[in-house]
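Every number here is computed from the coordinates shown, using simple stated rules; none is lab data. Here the structure is a predicted model, which is why all the values come from computation and not from measurement. As a convention, Cβ positions derive from the backbone with ideal geometry for all residues, glycine included, and neighbour counts pool all protein chains shown.
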Amino acid sequence: MKILVTGASGFVGSRLCAALVSAGHDVRAMTRNPDRYGGAGEPVAGDVHDAGSLGPALHGSDVAYYLVHSLSSADFVKTDAEAASNFGAAAADAGVNRIVYLGGLGADDDQLSPHLKSRRQVEGLLGQAGVPVTTLRAGIIVGHGGISWEMTRQLVEHLPAMVTPRWVSTKTQPIGIADVIRYLVGVLDTPETVGQTFEIGGPEVLEYREMMTRVASLEGRRRLIVPVPLLSPRLSSRWLSLVTDVDAATGRSLVDSMTNEVVVRDGRIRELIPFDPMGYDDAVLAALAERAADRAVSHDIIARRRKVVAATAVAGAGLLGASLSTEPGSRKFYALTLGVAGLWTVGGLSSGRLPLGDRRDVVVPVATGAAAFGAFYAAALAARRVPPLRRALVDVMQYANEGSERLVMTTALANGVAEEVFFRGAIYAAAGRQPVVRTTAAYTLATTTTRNPALVLASAVMGALFGLQRRATGGIQAPILTHVTWSALMLRFLPRLFRRPRVELNPRKARTSD
């Protein structure tokens, strides 16, 4: 069977693709970045928010799995509705026989949270164009990498005592990720599931408080949980964002949903796809074991990356200092500058895979570079009145004033790209926690070898900006575009402000010496 899986690189999608391939199906993994996809199945380009990209991705598919959502978006209800409408219409046009959707549990007669209401809305919109939809509704899915599970685990591991809102007493029916995949694959060979909605869950109904205490017990920890009824959802989400990796917007959506009981009320799926789902403790142990294995592999990768990064940083900083100790415009200067760029690039690329981020975002980074130049130009005008800063700027600008303008521009832009590959690419990936702070510090320290306070100050300011761009966009493309734009404008307009005064001979002394 030819199957398209959306969200193929996600928590559920990555596991589902592997299971479908193992079952002998022809799987196409839809992703916005097929060149970076490393999972099971054939990667195909597609974005549910880009209706034009869905037709080619869905072409020839018998079944399509819809596993995407936009919880981190401020207006996720509208965003998810538009995406579901796009996908349902495209699936109908492509002749897809069925869509399989993973939604959320919750009684229809309950006052559902915006998150769960959105999940219900998506169910209807996917089938609006006429393609039958099989919906599996689940509560918390326990597995390494799942947002709700990771939130639970991190709360237990990070806090010895928890002051919690009243949602800790809400009942839920968690299910292990392996069992979710088993149901998702099982519906393919079960004709009775076409166009139907089913509820899936594990064998136990638990309160969130009990879930956390059992995780603590399995990890050998003791945790005190004190519910506080007056703690609002907004405060809860802020609190979660401080002590877990869940951002405030996603945390708010999840907390709102935790006020709804999410338990299985219709167990028909157990008759159609009969097996015994694993208990909560077994699902937790499986998730912890997978995390431990993943961390062991990641540790080896990061250790190797850090060795390469450290060696490159030391050598590159030394070459950078040497390059600005040579004669301006000399062959040695250009050779050393290009050597620095080559070293940053080779070190960055050899350290491991580096993400580009959102490749469609070009205008904002270029505009940011132009704005940064404007700010620096204004600062330079002020710096001319401060003798130490003026001398420092004159010293560094002589390399632009006294060399070939074309060659200076070429080497500077090459170095700008190379620096982002290394600092916002390799060092950022190896930094672990606080990558923006650490990459900025490394970038600033590297320029101290030049002994030029103007360069050190500029690297601190721009390094922070580049680091924030890397975090916001998920890759190095935005910092590269901003860096080369800023560098090009700086080299085009700034050197004329800081020309070294020419030393002229006194005519009378010159005649005397003759």
Three-way shape call for the range 67-158 based on the alpha-carbon gyration tensor, with the a/c threshold at 1.5: prolate
Helix 435-447 vs. the chain, principal-axis angle (Cα, 0 to 90°, nearest 10): 20 degrees
In degrees, nearest ten, helix 363-383 long axis to first principal axis of the chain (Cα): 40 degrees
Extended-chain gain in nm, criterion 0.36 nm per residue less alpha-carbon gap, Asp35 and Ala335: 104.6 nm
Computed [θ] at 222 nm, helices only, for the chain once each DSSP H run of length n ≥ 4 contributes -39500 (n - 2.57): -18000 deg cm²/dmol
Contour minus Cα-Cα distance for Leu218 and Asn401 (0.36 nm per residue): 59.2 nm
Net charge over other residues, Cβ less than 11 angstrom from the Cβ of Ala383 (K, R count +1; D, E count -1): +4
Prolate/oblate/rounded label for the chain (Cα gyration tensor, a/c 1.5): prolate
Additional length obtainable on full extension of the chain from Arg496 to Arg451, 0.36 nm per residue less Cα span: 14.0 nm
Spatial separation of Cα centroids for the range 292-354 and the range 1-80, in angstrom: 36 Å
Cα-centred dipole magnitude for the range 357-514, charges only on beta-carbon of K, R (+1) and D, E (-1), debye, nearest 20: 500 debye
Spin-label model distance (nm) - Glu290 vs Ala370, 7 Å beyond Cα toward Cβ: 4.7 nm
Backbone HN-Hα couplings from phi across the range 476-490 [Karplus 6.51/-1.76/1.60, Hz, Gly and Pro as x]: 9, 4, 4, x, 5, 5, 5, 5, 5, 5, 4, 4, 4, 5, 4
Three-way shape label, the range 304-423, alpha-carbon gyration tensor, a/c 1.5: oblate
Electrostatic dipole magnitude of the chain [Cβ: Lys, Arg +1; Asp, Glu -1; Cα centre; debye, to 20]: 3360 debye
Per-peptide average of other Cβ atoms within 10 Å, ordering 57-68, 339-350 highest first: 57-68, 339-350
Degrees separating the helix 453-473 axis from the principal Cα axis of the chain, which is the longest one: 20 degrees
Label point distance in nm, Met1-Ala23, each placed 7 Å from Cα along Cα→Cβ: 0.6 nm
